[in-house]
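Worksheet: the structure to be examined is printed underneath.
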Amino acid sequence: MNPFVRITLLAATLLLAAGVSTGAAESLKEVFKDRFLVGTAVNRSMVTGTRFRRSPEQNAKDIALVKEQFNQISPENDLKWQLIHPREGAEGYDFVGADAFVNFGLSNNMYVVGHTLVWHSQTPNWVFAGTNPPPANIASNTNAPGTNRFGGGFGRYNGPRASRDELLQRMRDHIHTVVRRYKGKVKSWDVVNEAIADGAGTNLLRNSLWLEIIGPDFIAKAFQYAHEADPDAILRYNDYGLENPAKRKKLATLIKSLQAQNVPVHAIGSQAHVNVSMTFETMDQALTEMAVLGLPIHITELDVNSAASGQRGVGADISANAAATQGGLVSDADKKLAEAYAGIFRAFLKHRTAVQLVTFWGANDANSWRANGKPLLFDGDSKPKPAFDAVIAEAKKTPARGL
Ligand code: XIL
């Protein structure tokens, strides 16, 4: 037998033995192994094997894809406050989904990331509610009913508020309980998510109940509590839109201020919910400027939106997400997606000393929160798309980290 055919057959057999079902000739985790970890967000169906919106066959395929291609996982929803701590108090935790997620990662030798401890969204109302509200006519108290609504879809709490001390106490209990439970297992945490204000305005921080009730030091406190709970965990500040220079400037201000206060922030999480107009140049510029802050960069939620209406911006606001995936795909969708991914990965590879981990926000298009925008490397059937080949080709052009 011709040696090439023999090697190909051998590789095919090994892949089959490993449970490969996607038809991809290679795996991202292997090809990138000397550069950075390659991960995916996983949902509860994948980690428990029980189905939700997918047939049992589809779910089995989704799971096979995750195991075949990725060596890192992030929980798409199961570690968010709303799901892991839906009710007040020590009895109010629900660890079913989170435990399944962590066990799935450990039993498959994956690097496990926790997402997320403090966020304005997907946080239940009780967190912000005052248990013993003082009279509303005392002007100086923070416990008066709020006037604003927050969160666009989640976190619309508008009643009498907790005091600063009460909210800090709840934050501390939550972070200590969750981080300690997975100490040594979850290696890296998104401690604070999306605290920076959008746009070029002068506000550094987004308006949220965390900010209004506690004040800007809610961020530092969250990092301190997480560090107390697991001194070895890599603690990330995570946000979206960091490809935008104005937002990046605010990121630099925030990170420098945290560093000046010796707050234990160990990595920058850049979500990278981008669209097909993203170029190598823009991503390169973003990474160059972020790397100057001296922290490792984790790309935490990568997807590349192909929907026509997703081309206006690179926001990840949950309320804006549905609108951003309307209007059909841009023409030549597969080709444009492959080009965009090639440029994006060329930039990641160029910055491979700083970029230590790249997580896709979903394993395939069917599971994506932006399913209409077909933003991932695998289609709804877990078949590799041209963008997959483009990403693999970029890896092969670039030497490994440190070489
Ligand atoms: C999204 C999930 O993908 C959806 O399933 C959920 O309905 C809303 O949240 N930024 C984040 C992620 O940090 O947690 C969000 O995930 C996407 C935007």
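The values are calculated or read from the model by the stated rules, or taken from the named source; none is laboratory data. Everything numeric here is computed off the predicted structure, so don't read it as measured data. Here Cβ is always computed from backbone atoms with ideal geometry, including for glycine, and neighbour counts include all displayed protein chains. Side chains included, ligands, DNA and RNA excluded: accessible areas come from the protein's heavy atoms. Shrake-Rupley method; radii C 1.70, N 1.55, O 1.52, S 1.80 Å.
Give just the number: which of (1) buried (at least 20 other Cβ atoms within 10 Å of the Cβ); (2) without any contact (Cβ under 8 Å) to a residue 12 or more places away in the chain does V355 not satisfy?
With respect to (1) buried (at least 20 other Cβ atoms within 10 Å of the Cβ); (2) without any contact (Cβ under 8 Å) to a residue 12 or more places away in the chain, V355 is out only on (2).
Listed residues S319, S331; which is within 15 Å of the ligand (Cβ to nearest atom), at pLDDT below 95, open to solvent by 60 Å² or more (accessible area, probe 1.4 Å) and over 18 Å from E68 (Cα atoms)?
S319
Output the number of the condition that A400 fails; it satisfies all remaining conditions of (1) under 20 Å from Y240 (Cα atoms); (2) modelled with pLDDT under 95; (3) open to solvent by less than 30 Å² (accessible area, probe 1.4 Å); (4) of a type in the set (G, A, S).
Tallying (1) under 20 Å from Y240 (Cα atoms); (2) modelled with pLDDT under 95; (3) open to solvent by less than 30 Å² (accessible area, probe 1.4 Å); (4) of a type in the set (G, A, S), A400 fails exactly one: (1).
Only one of these is under 28 Å from A64 (Cβ atoms), modelled with pLDDT of 95 or more, open to solvent by 20 Å² or more (accessible area, probe 1.4 Å) and not in a loop (DSSP other than H, G, I, E, B): A342, A366, A338. Name it.
The match here is A366.
Which numbered condition trips up R236, out of (1) at pLDDT 95 or above; (2) open to solvent by 20 Å² or more (accessible area, probe 1.4 Å)?
(2)
For S277, state whether it is open to solvent by less than 10 Å² (accessible area, probe 1.4 Å), touching a residue at least 40 places away in the same chain (Cβ under 8 Å) and hydroxyl-bearing (S, T, Y).
no
Which count do you get for residues in region 78-103 that are farther than 20 Å from I234 by Cβ, of a type outside the set (D, E, K, R) and away from the ligand (no atom under 16 Å from the Cβ)?
Of the residues in region 78-103, 8 are farther than 20 Å from I234 by Cβ, of a type outside the set (D, E, K, R) and away from the ligand (no atom under 16 Å from the Cβ).
Being over 22 Å from R206 (Cα atoms) and of a type in the set (G, A, S) is the filter; apply it to region 243-298 and report the residue that is farthest from the ligand (Cβ to nearest atom).
If we take residues in region 243-298 being over 22 Å from R206 (Cα atoms) and of a type in the set (G, A, S), then G294 is farthest from the ligand (Cβ to nearest atom).
Out of the helices (runs of 4 or more DSSP H) lying entirely within region 17-103, which hold 3 or more residues that are open to solvent by less than 40 Å² (accessible area, probe 1.4 Å)? Quick ask: steps written out before the conclusion?
Working: elements: 28-31, 44-48, 56-69, 81-84.
Correct list: 44-48, 56-69.
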